[in-house]
Each structure stands twice: as structure tokens, then as C-alpha cells.
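Working notes, beginning with the structure itself.
The values are calculated or read from the model by the stated rules, or taken from the named source; none is laboratory data. What you see is a predicted model; the values in this text were computed from it and never measured. Don't worry about glycine lacking a Cβ; one is built from the backbone with ideal geometry, like all the others, and counts go over all protein chains shown. With ligands, DNA and RNA removed, areas are computed over all heavy atoms of the protein, side chains included. Shrake-Rupley method; radii C 1.70, N 1.55, O 1.52, S 1.80 Å.
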Amino acid sequence: MSRGVMDGWVRESFASSRDFRLPYVCDHEALARRVWDALLDGPGFALVTGTPLATMSTGQAQEFGVSMLRHPGEPLPQGRGADTALGWLVRDEGVSAHTDDRRFHEDAYTSKSRGYLHLHNDRAVRPFGQEPDVIALFTHRRARQGGASVLADGWTLYRLVRAEFPDLLDRLSTPFAFDRRHVTPPGESPVVWAPVFEQADGRIRVRCNVKRLETGADLAGEPLPPDRRAALDALGRVLARPELRVTALLEDGDCLVIDDRRVLHGRTFYEDHADPARRRCLVRVMLRQHPSEHTA
Ligand SMILES: O=C(O)CCC(=O)C(=O)O
Ligand SMILES: [Fe+2]
């Protein structure tokens, strides 16, 4: 890996996926230390290869994912009501993120679709009232075709916006409305307000989901003035650059661990197996960092 990854990486920063792969070890405490090194002192993500979760039933896979990650952080509940789980199943349940007229479908759980997912971080919308520091995506079963993970560095995004659109950076540090209709906790507002970029503990933190920023403004009843619209357009234009993206096709058993405060993730469209028992299924775990790790 090239030096300077702490300033932000681009695809060329990695000679190969070996630069971010970590072989699974059954000492989960030791694994947690390596994961935190990659998250806090490396590129902000790690691909843990070869966990035993691929050979388990789906229920066991959910339990294994949660227990493997108890060392790095505190797993957070996801879902609403009876659907709540620490290990959330990401699989196609027939949901489409787009309506028939190709409009984005704001209420859909995009994690329950097989469509393309644009780059985002989960914490941007405070899903189910949670603010995860880290998310992990375990591949229980991969798709027949497609469904690759796509990553982009939020620190690179920040650096490029600062260099190329300096007058828009201030706007992005003020609160924007995010539409979270699909993950609103009961009785709470479907809009959350937060800046795209903020500083915490001497690091930049990113909240980005361009689609949900667009619909968020309408939902909040506060159409974007031209300068804030221009700031979101700049964000979208920078994020669209292919040279910023790393794409990784996860094998069964692989687990992608991402610092959700820094690195954005997305997914390519996928085709599933006809046999329901073989269809793509990921277990998503969201973590809050244990206080002791803040000084790691
Ligand atoms: O299906 C995937 O690879 C990612 C889904 C996703 O972004 C999520 O569940 O947060
Ligand atoms: Fe996500």
C-alpha cells in the first residue's frame, strides 16, 4: 500500500486486495486488534477472509457474526418491532429501490433488494436511531453473479472537495436534512439533520447519501438554496469518479469491516441463484466503538 493512506486513498493506493485482507483467526480478541489497526491506522476498512460462517445455518451465521465482533465493539440492534436483530440479514426479499417509473423509492429497505446501491454510509441516516461507528458485512452466501462491494474513502472525498470547490466546503459542514423514511424509529421524525463533514477527535467524519439528501430537503419542506444545491452536486460529481473506488467481490465466509465514519460503501447489482437456499445472503452487524478503543 502506498504511503499517505491516512490522508485518504484512491484505487491506485492498493497494489492488490492483499493490502486490505486479514486472514480469519479464531482468537477473536487478537483479530479485533488487527481489525482496529486497519480501521484507525490504515485505510479505514479490512476484509477478513475465511470466517467459518459460510458453512453454518443462517441463524448460526447471525449469531457467529455478532459474537465475533463483540471484541471490537458493542453490536447495535437493527430493525423495528419484531424484526429487530443484532445480525441483520441483507438479502433480496423482493424489494425494489426504484418505483415503476424509475423514481427512487424512499421507503424501501434497500438492503432487502438486489439492485445497485450507490455509495453511502449507514450512519448518515441514523438507522433505527443508531449511530454506528463501524459496520460489518459478512458474506453468508454470495450471489450467482454480481453483488460486489464498492468502497470509496470519505477522507479523499473531503480532500478533493476542499481542493476543487473550496467555497462549498463550509456549506457541507452545516446541517443537511437526510431522508430516513425506511429506517425511522417508531414515533421519531423521518428526517435527520447533520453535516456532511465534521471534525471529531482530530479526524474528519463523513455522512453521505446523496439520494437521501436530495429527497430529505423536500421532505423537510425546505428546498435547497442554490449554494447548498451546488455543494451536493459537487459531492455527487466527485463521488462518481471511478478512480476513487475499490471494488471487491466477497467470497462465502468473507467479512468486510468498515469504519462507517470514514469509508463509504455501495454494491453492484446482482443476479441470484434460482434455488432459494443458495441465494445471496449477508449478515450486517453495526457496532459502537468501545470507549477504550478511542485511544487505540
Ligand atoms: O449488499 C451489500 O453488499 C451492502 C448492503 C448495504 O449497504 C447495507 O446493508 O448497509
Ligand atoms: Fe449500507
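Miscellaneous remarks
- Residues of segment 7-35 that turn out to be assigned to a loop (DSSP other than H, G, I, E, B) and farther than 13 Å from LEU69 by Cβ, as a count: 9
- Matching entry among LEU89, LEU40, LEU22, LEU31 (being within 16 Å of ligand 1 (Cβ to nearest atom) and in contact with a helix residue (DSSP H, G or I) (Cβ under 8 Å, 6 or more places away or on another chain)): LEU89
- Residue in segment 227-237 that is open to solvent by less than 40 Å² (accessible area, probe 1.4 Å) and outside any helix (DSSP H, G or I) present: no
- Count of residues meeting criterion [small (Gly, Ala, Ser), touching a residue at least 60 places away in the same chain (Cβ under 8 Å) and more than 15 Å from ARG262 (Cβ to Cβ)] in segment 145-166: 4
- Taken over segment 215-226, the residue count meeting the criterion of being in a helix (DSSP H, G or I) and open to solvent by 60 Å² or more (accessible area, probe 1.4 Å) is 3.
- Enumeration of residues in segment 271-286 that are open to solvent by 40 Å² or more (accessible area, probe 1.4 Å) and of a type in the set (Asp, Glu): GLU271, ASP275
- Residues located in segment 251-270, provided they are open to solvent by less than 10 Å² (accessible area, probe 1.4 Å), part of a loop (DSSP other than H, G, I, E, B) and not acidic (Asp, Glu): GLY253, ARG262
- Inside segment 189-213, residues that are surrounded by 15 or more Cβ atoms within 10 Å (Cβ to Cβ), in contact (Cβ under 8 Å) with a residue 60 or more places away in the chain and out of contact with any Lys or Arg (no Cβ under 8 Å at 6 or more places or on another chain) make up a count of 4.
- Taking every residue in segment 109-121 that is among the aromatic types (Phe, Trp, Tyr) and pairing it with any residue that is more than 9 Å from ligand 1 (Cβ to nearest atom) and part of a strand (DSSP E or B), at least 6 positions away or on another chain, the pairs with Cβ-Cβ distances below 8 Å are TYR109/VAL95.
- The residues of segment 32-88 that are polar (S, T, N, Q) and either open to solvent by 20 Å² or more (accessible area, probe 1.4 Å) or under 19 Å from the mean Cα position of the chain (by Cα) (or both), listed by number, are THR49, THR55, SER57, THR58, GLN60, GLN62, SER67, GLN78, THR84.
- Every residue from segment 98-108 that is more than 16 Å from GLY216 (Cα to Cα) and either modelled with pLDDT of 95 or more or not in a strand (DSSP E or B) (or both): THR99, ASP100, ASP101, ARG102
- Members of segment 147-164 found to be more than 10 Å from ligand 1 (Cβ to nearest atom) and open to solvent by 10 Å² or more (accessible area, probe 1.4 Å), listed by number: TRP155, TYR158, ARG159, LEU160, ARG162, ALA163, GLU164
- Residue within segment 114-131 that is within 16 Å of ligand 1 (Cβ to nearest atom), modelled with pLDDT under 95, open to solvent by 10 Å² or more (accessible area, probe 1.4 Å) and closer than 24 Å to ARG21 by Cβ present: yes
- Residue within segment 183-191 that is part of a strand (DSSP E or B) and within 29 Å of PRO77 (Cβ to Cβ) present: yes
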